[in-house]
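Beneath this line is the structure, given in structure tokens, with notes to follow.
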Amino acid sequence: MKRIELSQAAGRRWDVVLVGTSFAACFFARALRGRDLDVLFVERGAYLDWDHQLAHRHEETPAQLRQTNTSGQRKDWALRHQFGGCSNCWWGNTPRLHPSDFALASRYGVGADWPISYDSLEPWLCDAEEIMQVAGDDTAAGFARSRPYPFPAHVPTRAERRLSQIDPSWTPMPTARANGGDRGGCCVSGACSLCPVNAKFTILNGLSAFEDDRFHVVTGAECRAISTAAGLATGIVVRDAAGAETELRADFVGLAANPIGTSAILLRSGLGGARVGQGVHEQLGQFLWANVPFDNYYGGTSITGAGYALYDGDFRRESASVLIESWNAPPSLRLEPGKWLQRLKLKFVAEDLPRPENRVVLTDDEPHLLWAGHSAYAFAGLARARDQIGGLLPFAEEIEFGGFEPTEAHIIGGTPMALRREDGVVDAECRLFDVPNVACLGASSFPTGAAANPTLTLSALSLYLGSRL
Ligand SMILES: Cc1cc2nc3c(=O)[nH]c(=O)nc-3n(C[C@H](O)[C@H](O)[C@H](O)COP(=O)(O)OP(=O)(O)OC[C@H]3O[C@@H](n4cnc5c(N)ncnc54)[C@H](O)[C@@H]3O)c2cc1C
């Protein structure tokens, strides 16, 4: 990917312009390699290599989004404006969405069905796992796979070994924190937001997967809006650091600026219809800790286990699916002499449903989130999980619950895909219904979220969509 100046980019017409340089943009471009297409990535942040990030640490964390929060609970949103976006700071958990997550309405009468199924996305999930060099366990129950995981799962904790004997739906957490492959192995420090040994897949350390002689990138260039003529996009309007605006011409525009950025660009452009920005949501998390009568930990990575006992079933008619994560590092110690390691750290992660009142609007032409709170469905899922967890941990001596987490850092929604224009913003190929040469890439187009982390699925979706261009 050659880095060029904005003035150079403005002097020509591009086959494809992609807004953003993280998973959604790069996995889309991956499918365009070798197809004689001039592709330009437009990134509002700077190019900061891994050494620079290690040296400067938190200095680059962007300010919180403008928000009006009427939920009565703290709510944070995780954004990262730099080359590679949140791939720099994600943790690398890559569970798949469950097949039923794609068909919530037809199976359980809530939410919406996706216009695309688990089976149609499955080969692309395998490809994404190969690119990220995911470590996972093929024998784990639950998900039909057409190819094995590229690398074996990390060592489970001692508690997870016991749990998987009681309940086979406990599986090693699939992860892009390396256990083999061409990155260094996971150091198990639990410092995954900025991996000290570069073991976690990032766009920066995986860049060779997204290279082509005809791919170029401009950084420090914020896409403000899409230009159109006669019902088609003709390019984008970009603002540089000095505030000057330039028009870039393109035959196809992919918005991969995460749900907040993508919604804001469409709102400024007056495209996508009345639903743009509505229904932004993310999962609701809650930590819990159990004292156990044996030493736990000694797992091979930070988040080692995924429990599916509370994930899918008829209960989803009334309450959310919950994924149980088991955390090995950073550990939680038991504050009793001689029993330091006799503790199990878990997290419930509940799916949320989109609520129209949670939405991105523009104030002073900038994104502004109106947040009324997570759905009652998500809270009901966590209540069910708290009620049932005792039965799932028969060896626990005592269980303690934390409060609701202010963010799961998994923003979803704002431009949902649907079969019919009246039900969404984009069609089954994530193209705007009203401007078909504009695609919304990433989790903004998920019609519903899931309890599972979204990034593997949004990357696979981008591969699939790129292959269809
Ligand atoms: C701390 C943390 C931990 C996480 N852990 C996990 C995990 O374990 N598993 C998981 O599945 N997910 C995880 N996530 C979520 C994951 O990072 C996101 O799902 C993923 O990064 C989304 O990819 P994306 O390409 O859609 O958007 P982003 O990664 O958000 O990237 C958007 C890009 O667009 C650029 N951009 C935005 N607006 C504009 C504009 N107007 N013009 C030009 N460029 C623009 C941004 O600078 C950025 O480069 C985590 C996130 C965080 C913050």
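Quick rundown of the values:
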read-out: Residue, surrounded by the fewest Cβ atoms within 10 Å (Cβ to Cβ), within the stretch 205-225, restricted to residues that are under 24 Å from the mean Cα position of the chain (by Cα), away from the ligand (no atom under 14 Å from the Cβ) and not hydrophobic (A, V, I, L, M, F, W, C); value: S208
read-out: Checklist (1) more than 30 Å from A31 (Cβ to Cβ); (2) in a loop (DSSP other than H, G, I, E, B) applied to A428, failing item; value: (1)
read-out: Residue match in the stretch 330-342 (condition: touching a strand residue (DSSP E or B) at 6+ places or on another chain (Cβ under 8 Å) and not in a loop (DSSP other than H, G, I, E, B)); value: no
read-out: Complete set of residues in the stretch 423-446 that are within 16 Å of the ligand (Cβ to nearest atom) and not hydroxyl-bearing (S, T, Y); value: V425, V426, C430, V438, A439, C440, L441, G442, A443, F446
read-out: Test for I399: is it over 30 Å from S445 (Cα atoms), in a strand (DSSP E or B) and touching a residue at least 40 places away in the same chain (Cβ under 8 Å); value: yes
read-out: Pair list, Cβ under 9 Å, 6 or more apart: the stretch 345-373 residue under 20 Å from A105 (Cα atoms), other residue of a type in the set (S, T, Y) and modelled with pLDDT under 95; value: none
read-out: Which numbered condition N291 misses (of (1) in contact (Cβ under 8 Å) with a residue 60 or more places away in the chain; (2) out of contact with any Lys or Arg (no Cβ under 7 Å at 6 or more places or on another chain)); value: (2)
read-out: Enumeration of residues in the stretch 189-199 that are in contact with a Lys or Arg (Cβ under 8 Å, 6 or more places away or on another chain) and part of a loop (DSSP other than H, G, I, E, B); value: C195, N198, A199
read-out: Residues that are within 16 Å of the ligand (Cβ to nearest atom), β-branched (V, I, T) and more than 18 Å from P99 (Cβ to Cβ), drawn from the stretch 139-186; value: T175
read-out: Residue identified as assigned to a loop (DSSP other than H, G, I, E, B), of a type in the set (V, I, T) and crowded, with 17+ Cβ neighbours inside 10 Å among T202, T171, T228; value: T202
read-out: Single residue of T415, T457, T407 found to be touching a residue at least 40 places away in the same chain (Cβ under 8 Å), within 16 Å of the ligand (Cβ to nearest atom) and closer than 16 Å to L271 by Cα; value: T415
read-out: Any hit, the stretch 312-331, residues being modelled with pLDDT of 95 or more, away from the ligand (no atom under 16 Å from the Cβ) and of a type in the set (S, T, N, Q); value: yes
read-out: Qualifying residues in the stretch 434-455 (those that are in a loop (DSSP other than H, G, I, E, B) and of a type in the set (S, T, N, Q)) - the one surrounded by the fewest Cβ atoms within 10 Å (Cβ to Cβ); value: N437
read-out: Members of the stretch 304-331 that are surrounded by fewer than 20 Cβ atoms within 10 Å (Cβ to Cβ) and within 17 Å of E405 (Cβ to Cβ); value: P330
read-out: The stretch 205-225 residues that are under 14 Å from A250 (Cβ atoms) and of a type outside the set (V, I, T), paired with ones that are near the ligand (Cβ under 9 Å from one of its atoms) and outside any strand (DSSP E or B) (beta carbon under 7 Å, 6 or more apart); value: A221/E43; A221/R44; C223/A257; C223/I265; A225/I265
read-out: Residues that are near the ligand (Cβ under 10 Å from one of its atoms) and not polar (S, T, N, Q), drawn from the stretch 187-204; value: C192, L194, K200, I203
read-out: Checking V276 against (1) surrounded by fewer than 20 Cβ atoms within 10 Å (Cβ to Cβ); (2) in contact (Cβ under 8 Å) with a residue 24 or more places away in the chain; (3) in contact with a Leu (Cβ under 9 Å, 6 or more places away or on another chain); (4) of a type outside the set (D, E), the condition it does not meet; value: (1)
read-out: Any pair with Cβ under 7 angstrom, 6 or more apart, that starts in the stretch 233-262 at a residue that is at pLDDT 95 or above and in a strand (DSSP E or B) and ends at one that is aromatic (F, W, Y) and more than 12 Å from the ligand (Cβ to nearest atom); value: L248/W14; R249/W14; A250/W14
read-out: Checking A274 against (1) within 16 Å of the ligand (Cβ to nearest atom); (2) closer than 30 Å to A380 by Cα; (3) assigned to a loop (DSSP other than H, G, I, E, B), the condition it does not meet; value: (1)
read-out: Residue in the stretch 114-135 that is of a type in the set (F, W, Y) and at pLDDT below 95 present; value: no
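The values are calculated or read from the model by the stated rules, or taken from the named source; none is laboratory data. Owing to the predicted nature of the structure, the values given are computational and were not obtained by experimental measurement. Note that each Cβ is placed from the backbone with ideal geometry, even for glycine, and that neighbours are counted across all protein chains shown.
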